[in-house]
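**Q** Pasting in a structure now, in structure tokens, and then I'll have a few things to ask.
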Amino acid sequence: MSLLLLVSSFMSCEKNDDVDDFSEFNGKEPYPLIEKGDTEASQLAYSLYEDYDLHTYYTLEGDEALQTEYGSMRLTTFSPIKAEEERAAVVLKLTSEMYDLFKDYRELQVYRRLILIGNDFLSTTTRNYDKYGFNRDFNTYNIEGTQILSNINNTFDFNLALTKEMLLYTYFNGYFRYHFGVPEEFTSVTAGDYRWELLAKGEPALFTSAQYDEERATDLGYVHPYGTLAFVFNPYMDWESYVVWIISRPKSEREAWLNSKPRIKTKYDIVIKTMLEDFGMDLESFSTQWQSIGI
């Protein structure tokens with residue numbers, strides 16, 4: 001996983017200055033074709049395609065799940081199994097609610113292909129995220145414009161809050177990775193304590209597949225294990241984790257850190273201000289609306 005994140009981070013440095021041209025994948029038809037079936041899940045998938053040009057699949061498995069309109073993703077680490085129908089319907093409903101919530105911010109929609117699978121392809125890391133009450137159980141394949149969500153299966157415990165958090169990451173990931181420059185005033189708060197800087201000083205990483213030092217991480221200004229993986233040149237993971245944290249968690253839950261962790265409060269203020277001024281997004285307002293969304 002660390003190698004995958006490292007490769008992705010260097011690819012992320014190629015920032016596109018033309019914000020209007022936010023996706024190189026526009027114009028392609030879904031592959032396979034998306035048809036409106038009789039089940040709730042198939043109807044939700046068709047609506048997402050019709051309304052938002054989001055190509056979602058939940059019945060693909062094996063090599064078929066790895067084939068896109070751009071060719072094969074050629075993954076060898078796991079063999080996808082199709083998602084359970086009822087669970088897929090829940091996730092697709094939440095996805096639809098999320099896209100409705102952000103319908104006025106289409107420039108943030110970068111990825112157009114979303115595959116739900118039933119198995120867990122990041123098992124060790126995923127379990128550690130879950131242990132600390134976080135979730136990022138998805139992976140992104142940049143060249144293919146594809147995102148995969150795993151554990152969409154009733155053999156795994158379902159957690160509404162963590163599933164909603166995961167979906168927010170899928171929505172914002174592409175834009176912040178490729179089309180956004182993290183403000184220097186934000187990164188300066190954690191300067192000297194980013195992952196590559198800690199390792200260069202011989203200090204242990206805050207988050208690994210075996211542990212997460214949450215107390216130290218929050219003291220340094222991180223709100224999510226994902227943010228601690230931020231790499232040199234473009235620590236978009238740190239910024240993205242703040243946006244998702246604000247929207248996905250009620251403010252009453254976040255206030256403990258905002259009131260006791262000065263670095264978190266400073267970075268929070270920068271994120272709130274920047275997202276409002278640059279995008280017209282009131283993150284606290286979106287947070288209130290997001291808390292009301294259920295299944």
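Please treat every number below as a calculation from the coordinates, not as lab data. As the structure is a prediction and not an experimental result, all values here were calculated from the model. Ideal geometry is used to build each Cβ from the backbone, glycine not excepted, and the neighbour counts take in all protein chains shown.
**Q** Just to be sure I understand, if you calculate Cα extents along the principal axes in Å for this structure, which of (1) 61, 44, 41; (2) 52, 39, 38; (3) 54, 49, 38 do you get?
**A** Here Cα extents along the principal axes in Å agrees with entry (2).
**Q** Something else: I want the antiparallel fraction of DSSP beta bridges within the chain, as a percent rounded to 5. Walk me through the intermediate numbers first.
**A** Values: 8 of 15 bridges.
Restricted to the chain, the bridges split so that about 55 percent are antiparallel.
**Q** Would you be so kind as to identify which of GLY294, LEU168, TYR242 lies farthest towards the positive end of the dipole of segment 139-295, taking Lys and Arg as +1 and Asp and Glu as -1 on Cβ and the Cα centre as origin?
**A** My answer, from the dipole projection, is GLY294.
**Q** Given the options TYR178, ASN119, PHE102, identify the residue whose Cα lies farthest towards the positive end of the charge dipole of segment 69-215 (+1 on Cβ of Lys, Arg; -1 on Cβ of Asp, Glu).
**A** The one lying farthest along the dipole's positive direction is ASN119.
**Q** Nearest 5 percent is fine: what portion of the DSSP beta bridges confined to segment 24-156 is antiparallel?
**A** On the way: 7 of 14 bridges.
Once the DSSP bridges in segment 24-156 are tallied, antiparallel ones form about 50 percent.
**Q** Quick one: which residues, 5 or more positions from ARG113 or on another chain, have an amide H under 5 Å from its amide H? H modelled 1.01 Å from N in the peptide plane, none for Pro or chain starts.
**A** Amide H neighbours of ARG113, under 5 Å, 5+ apart: HIS55, GLN147.
**Q** Continuing with this model, one more query. Are there trypsin sites (Lys or Arg not before Pro) in segment 89-120 that DSSP puts in a loop and that have at most 13 other Cβ atoms within 10 Å, and which ones?
**A** Numbers: sites: LYS93, LYS103, ARG106, ARG112, ARG113; in loops: LYS103, ARG112.
The qualifying sites are LYS103.
**Q** Just to be sure I understand: with springs between alpha-carbon atoms less than 10 Å apart, which residue in GLU165, GLU215, GLU86 has the highest mean-square fluctuation in the Gaussian network model of the chain?
**A** Fluctuation is largest for GLU215.
**Q** Arranged by the count of other C-beta atoms within 10 angstrom, fewest first, what order do ILE272, ILE148 take? Working shown, then result.
**A** Details: ILE272 17, ILE148 27.
Ordered from fewest to most neighbouring Cβ atoms within 10 Å, ILE272, ILE148 come out as ILE272, ILE148.
**Q** Around THR59, with a cut-off of 10 angstrom between Cβ atoms, what is the net charge of the other residues, counting Lys and Arg +1 and Asp and Glu -1? All intermediate terms of the calculation are to be shown ahead of the outcome.
**A** Details: positive: LYS82; negative: GLU61, GLU64, GLU85.
Summing Lys and Arg as +1 and Asp and Glu as -1 gives -2.
**Q** Between LEU276 and GLU107, what is the spin-label point distance in nm, taking each point 7 Å from the Cα along the Cα→C-beta axis?
**A** 1.9
**Q** Hey, in the GNM for the chain with a 10 angstrom Cα cutoff, which one of ASP137, ASP213, ASP53 fluctuates hardest?
**A** For the chain, modelled as a Gaussian network with Cα springs under 10 Å, the answer is ASP213.
**Q** Further question on the same structure: On a full-extension model of 0.36 nm per residue, what is the gain between TRP196 and GLN67, subtracting their alpha-carbon distance, rounded to one decimal in nm? Walk me through the numbers before you get to the answer.
**A** Working: separation 129, 0.36 × 129 = 46.44 nm, distance 3.45 nm.
In short, 43.0 nm is gained.
**Q** Calculated FRET efficiency, SER285 and LYS265, Cβ-Cβ r, R0 25 Å, to nearest 0.05?
**A** Details: r = 19 Å, r/R0 = 0.77.
Calculated transfer efficiency: 0.80.
**Q** Please report the antiparallel percentage of DSSP beta bridges with both residues in segment 94-252, rounded to the nearest 5. Please list the in-between numbers first.
**A** Working: 5 of 9 bridges.
Here the antiparallel bridges make up roughly 55 percent for segment 94-252.
**Q** Something else: Quick check: pseudo-label points 7 Å beyond the Cα along Cα→Cβ at ALA210 and GLU40, how many nm apart are they?
**A** Here the answer is 4.3 nm between the modelled labels.
**Q** Still on this structure: For GLU255 and ASP130, compute 0.36 nm times the residue count separating them, minus their Cα-Cα distance, and round to one decimal in nm.
**A** Values: separation 125, 0.36 × 125 = 45.00 nm, distance 2.12 nm.
This chain segment gains 42.9 nm when fully extended.
**Q** Can you list the lysines whose alpha carbon is less than 30 Å from that of LYS265, not counting same-chain residues fewer than 8 positions off?
**A** LYS15, LYS103, LYS131, LYS164, LYS201, LYS251, LYS273
**Q** Oh, and also: How much length would be gained if the chain were fully extended between GLU86 and ASN159, taking 0.36 nm per residue of separation minus their Cα-Cα distance, in nm to one decimal? It would help to have the intermediate numbers written out before the result.
**A** Numbers: separation 73, 0.36 × 73 = 26.28 nm, distance 1.45 nm.
Fully extending the segment from GLU86 to ASN159 adds 24.8 nm.
**Q** From the phi angles alone, apply the Karplus equation (6.51, -1.76, 1.60; θ = phi - 60°) to segment 109-119 and give each ³J(HN,Hα) in whole Hz, x where the residue is Gly or Pro.
**A** In residue order, the calculated couplings are 8, 9, 7, 10, 10, 10, 10, 9, 10, x, 9 Hz.
**Q** May I ask you to evaluate 6.51 cos²θ - 1.76 cosθ + 1.60, the Karplus curve with θ = phi - 60°, for each residue of segment 216-225 and list the ³J(HN,Hα) values in order in whole Hz, giving x for glycine and proline?
**A** Coupling constants for segment 216-225: 5, 4, 5, 4, 7, x, 9, 10, 7, x Hz.
**Q** Next question, about the same structure. Name the residues whose placed amide hydrogens come within less than 5 Å of the amide hydrogen of PHE180, ignoring near sequence neighbours (fewer than 5 apart) on the same chain.
**A** none
**Q** If you don't mind, there's one more thing I want to ask. Please list 3J(HN,Hα) in residue order for segment 192-204, calculated via the Karplus relation 6.51 cos²θ - 1.76 cosθ + 1.60 where θ = phi - 60°; whole Hz, with x for glycine and proline.
**A** Rounded to whole hertz, the list is x, 10, 6, 3, 5, 6, 5, 5, 5, 8, x, 8, x.
**Q** Describe numerically, in nm with one decimal, the distance between label points set 7 Å from Cα along Cα→Cβ at ASP51 and at THR76.
**A** 4.2
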